1. Go through region 367-390 and count every residue that is open to solvent by less than 60 Å² (accessible area, probe 1.4 Å) and modelled with pLDDT under 70.
2. Taking region 435-457, which residues are open to solvent by 50 Å² or more (accessible area, probe 1.4 Å) and within 16 Å of ILE37 (Cβ to Cβ)?
3. From LEU164, LEU114, grab the single residue that is over 18 Å from the mean Cα position of the chain (by Cα) and over 25 Å from ALA50 (Cα atoms).
4. Return a yes/no flag: does region 125-141 have any residue that is surrounded by fewer than 17 Cβ atoms within 10 Å (Cβ to Cβ), within 21 Å of LEU281 (Cα to Cα) and in contact with a strand residue (DSSP E or B) (Cβ under 8 Å, 6 or more places away or on another chain).
5. Criterion first (assigned to a loop (DSSP other than H, G, I, E, B), open to solvent by 40 Å² or more (accessible area, probe 1.4 Å) and either of a type in the set (D, E, K, R) or more than 20 Å from THR228 (Cα to Cα) (or both)) does LYS150 satisfy it?
6. So which residues in region 216-248 are farther than 18 Å from GLN7 by Cβ and in a loop (DSSP other than H, G, I, E, B), if there are any at all?
7. Just to be sure before I move on: is PHE118 within 30 Å of THR278 (Cα to Cα) and among the aromatic types (Phe, Trp, Tyr) in the structure I sent?
8. From the residues in region 187-202 that are open to solvent by less than 40 Å² (accessible area, probe 1.4 Å) and part of a loop (DSSP other than H, G, I, E, B), which one is nearest to LEU288 (Cα to Cα)?
Amino acid sequence: MFFKNLQIYRLPARWAMTAAVLEQALAPQQFTPATSIDLVRQGWASPRGADQPLVHAVGGQFLLQLKTEKKLLPSTVINQVAAARALEMEDAQGFAPGKKAMKELKERVTDELLPRAFAIFSTTAVWIDSVNGWLVVDAASPAKADDVVKLLLKSVDKLPLESLRVQRSPVGAMTEWLQADESPAGFTVDQDAIMRATGESKAQVAYKRHTLEADDIRRHIAAGKQCTRLAMTWSDKISFVLDESLAIKSVKALDILRECAIGEAADDRFDSDFTLMTGELAKMLADLVEALGGEADVETQTPGPAAAGQQKIERAVNLTADLYKLRARYRDVLNELYDSTVQPAVARVREHMAETAEGAIKSALTLAKELPGGSQSADLLLVAAVEIMEPSQRPAAGDAPVRQQRPALQLNGEAAGAVLPGDGSARDPMYAQAVELVRSRQRASVSLIQRYFGIGHNRSARLIEAMEGSVVGPAQSDGTRELLEKSALTSRL
């Protein structure tokens, strides 16, 4: 086994946590299969299979696994069934159902089809290094890592978890490494990279299995681009891709590590692979943090002595971003006169570039220094330099601003965002309102409660279940529920 992606978090070094205590904390959130009314169900599962502990521990290294079950209910199926029901309604009532009726019809169809929806299962591995203080999630997207962190924080009381912060920006560091054509100690730069502009268009140049020529890279950097993804190899053992968010992707163990695992017995292979992976990844993460200037303490951090090259790169990046903002202000003020005002400055900068072979920004700065103090033409020259590097894009005809939607109101008149927390039982603060809604609409629908109160599907389903026997009857084979009359309730009692 070997993690393919690393979303990295920090724990205190020598974290006082044992496998037994962690197992006990995770047990209440253990995965259970989803019911017929659940769209999504998540929980902790054993990484070694059924009837095994939730925490696999080897020498202070813990392996966890988040299991997710998601119901697959394609919208095309819902639309087809709803269209057939709409034709039946049209034949019965003599006219086609309107937009509101079709929406409610689709909601009823969703409730009926949900018990028969296909279930898709997925797992996400989590590695906790209690010795060195790492928590790593094997997820390509931050959203999946957030699901793991949320459930982990819910399971483990007062978990001392923090995001990894480093002294140097990954974008600035990667850009400096490429500009200087030098790799940090212990690493080598591979043949994949992405250079992205800081302007509004976010234009980018992607290298794929292509030699990163220093002259080409420097030309892109001079034009205002910076490195946002860079493929690297650590100690000839692990190759990976570092991105701008400090996430590590496309992790791959090289031949030297695979050879170490050959010859292991099948029963011991899992433990040996896990031990080998955690040991090497812990060393790689430590070296990577050191290459990025070490960890940053937000409370006590002071501007330390950064490398001269790094400071120069960061100043250039900040300058380029400011220039794009300056151009945006000029466009807003001048409107139709923008092109005719800027073009003479563009011609001057281009002429200087041809004479001196300097870049656009450097030529603009040189010309600006020759102007008398306080002259506004200096800003115009800088705007012209941005136009040379990245010409303005005109908006397509017919573009219109998106209208802001009005906030939906609940039955009590409050905004949909102001939802009180609850567990979906009869003690839920929204239970009485949900009962009132079901009786007023004469329909017990999970999607109806979810849409009107702005709450999750699972909570809405539990509210319907809490009404069973008092407001609604048991679920039928097609997922519908009969609404009980108050007189019938009185006779039952």
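The values are calculated or read from the model by the stated rules, or taken from the named source; none is laboratory data. This structure is a prediction, so every number in the text was calculated from the model and none was measured. No Cβ is skipped: glycine too gets one built from the backbone with ideal geometry, and neighbour counts run over all protein chains shown. The protein model used for the area step is the full one, side chains on, heavy atoms only, and it has no ligands, DNA or RNA in it. Shrake-Rupley method; radii C 1.70, N 1.55, O 1.52, S 1.80 Å.
1. Total meeting the criteria: 2.
2. Within region 435-457, GLN450, ARG451 meet the criteria.
3. Values: LEU164 fails: over 18 Å from the mean Cα position of the chain (by Cα).
Result of the check over LEU164, LEU114: LEU114.
4. Yes: one or more hits.
5. For LYS150, the condition - assigned to a loop (DSSP other than H, G, I, E, B), open to solvent by 40 Å² or more (accessible area, probe 1.4 Å) and either of a type in the set (D, E, K, R) or more than 20 Å from THR228 (Cα to Cα) (or both) - is not met.
6. ALA223, GLY224, SER235, ASP236, LYS237
7. When the stated conditions are applied, PHE118 does not pass them.
8. So the residue we want is THR198.
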